[in-house]
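The values are calculated or read from the model by the stated rules, or taken from the named source; none is laboratory data. Quick caveat, the model's predicted, so the values are computed rather than measured. Note: ideal-geometry Cβ built from the backbone for every residue, glycine included; neighbour counts use all protein chains shown. Calculation scope for accessible area: heavy atoms of the full protein, side chains included, ligands and nucleic acids excluded. Shrake-Rupley method; radii C 1.70, N 1.55, O 1.52, S 1.80 Å.
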Amino acid sequence: MAAPDGSTLCLFDVDGTLTDARQKVKTEIDEFIQKLRKKVKVGVVGGSDFAKIKEQLGDDVVEKFDYVFSENGLVAYKNQEFLSKQSIQAYLGEDLIQNLINFCLSYIAKIKLPKKRGTFIEFRTGMLNISPIGRSCSQEERIEFYELDKVEGIREKFVDELRKEFAGKGLTFSIGGQISIDVFPDGWDKRYCLGILAKEGYKSIYFFGDKTMPGGNDYEIYTDSRTVGYSVTSPEDTKRICEELFFT
């Protein structure tokens, strides 16, 4: 059943939901989102920075979505216009950030992996992104690490140590994507964008994401009472669920 125009928002994660991990959106999914947009408002919320979201969803992403929330909504766009921005550096302070970076680099140095590349820490506007293999790895190396991580729990063990070391510091550690861990202040997970959307007056907000298990970076917004959460397994699964919800 089609939702009343303007009263419903469909909010999508990026990796694993609208695209394969770090890949460009397929034409079929891109076109379907524009078809869906004729029924409801659409938005995207990703942990990546705005530049990476543009790489995956197109340079015209702010034209194709009513809302674009990069870095969990810390950098926000609405109706093609810049809306707001929040900085982790100003919020946490330099001492805590340096302690965090130093600990992560020391921990990564002790991990033995089949391969290590570069860019182990990416400093973003609203979070730090930590990657044991390094973000400059190739797609094949990314998949190799992801498969190993599923067996050995490399990132899960890393997160356990981070939580012990920085207990009481007001930080959240969240496993995201295939190769990394997001670190941000408590409350700055994907629910951050819901605070912005609270002023918009939507009757229903549907959220679609793939990392919806505890510890995944979609878990908090997926289980939040302000959303109707759907766990998906691929972009094609996202399309299937939306078709059932809004086109049957």
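In table form, for the structure just shown:
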quantity	calculated
Within region 57-134, strands (runs of 3 or more DSSP E) holding 2 or more residues that are surrounded by fewer than 20 Cβ atoms within 10 Å (Cβ to Cβ)	81-85, 121-123
Selection status of Glu141, more than 23 Å from Asn72 (Cβ to Cβ) and surrounded by fewer than 18 Cβ atoms within 10 Å (Cβ to Cβ)	no
Condition broken by Met213, with the remaining ones in (1) over 24 Å from Ser7 (Cβ atoms); (2) hydrophobic (A, V, I, L, M, F, W, C); (3) touching a residue at least 40 places away in the same chain (Cβ under 8 Å) satisfied	(3)
Residue check, Ile241 of a type in the set (A, V, I, L, M, F, W, C) and either more than 22 Å from Asn79 (Cα to Cα) or open to solvent by less than 20 Å² (accessible area, probe 1.4 Å) (or both)	yes
Residue list for region 1-39, filter: in a loop (DSSP other than H, G, I, E, B) and open to solvent by 60 Å² or more (accessible area, probe 1.4 Å)	Met1, Pro4, Asp5, Asp20, Gln23, Lys24, Lys26, Arg37, Lys38, Lys39
Single match in Ala109, Ala90 (criterion: modelled with pLDDT of 95 or more and over 30 Å from Glu244 (Cβ atoms))	Ala109
Residue check for Phe120: under 19 Å from the mean Cα position of the chain (by Cα) and over 30 Å from Glu200 (Cβ atoms)	yes
Selection from region 40-56 of residues that are open to solvent by 60 Å² or more (accessible area, probe 1.4 Å) and part of a strand (DSSP E or B)	Lys41
Long-range neighbours under 9 Å by Cβ, at least six apart or interchain, first residue surrounded by fewer than 21 Cβ atoms within 10 Å (Cβ to Cβ) within region 174-198, second among the polar types (S, T, N, Q) and assigned to a helix (DSSP H, G or I)	Arg191/Asn72
Subset tally (residues that are of a type in the set (Asp, Glu) and over 16 Å from the mean Cα position of the chain (by Cα)) for region 200-240	3
Residues satisfying the stated conditions in region 215-236, i.e. over 14 Å from Gly177 (Cα atoms) and either open to solvent by 20 Å² or more (accessible area, probe 1.4 Å) or of a type in the set (Gly, Ala, Ser) (or both)	Glu220, Tyr222, Thr223, Asp224, Ser225, Arg226, Val228, Gly229, Tyr230, Ser231, Glu236
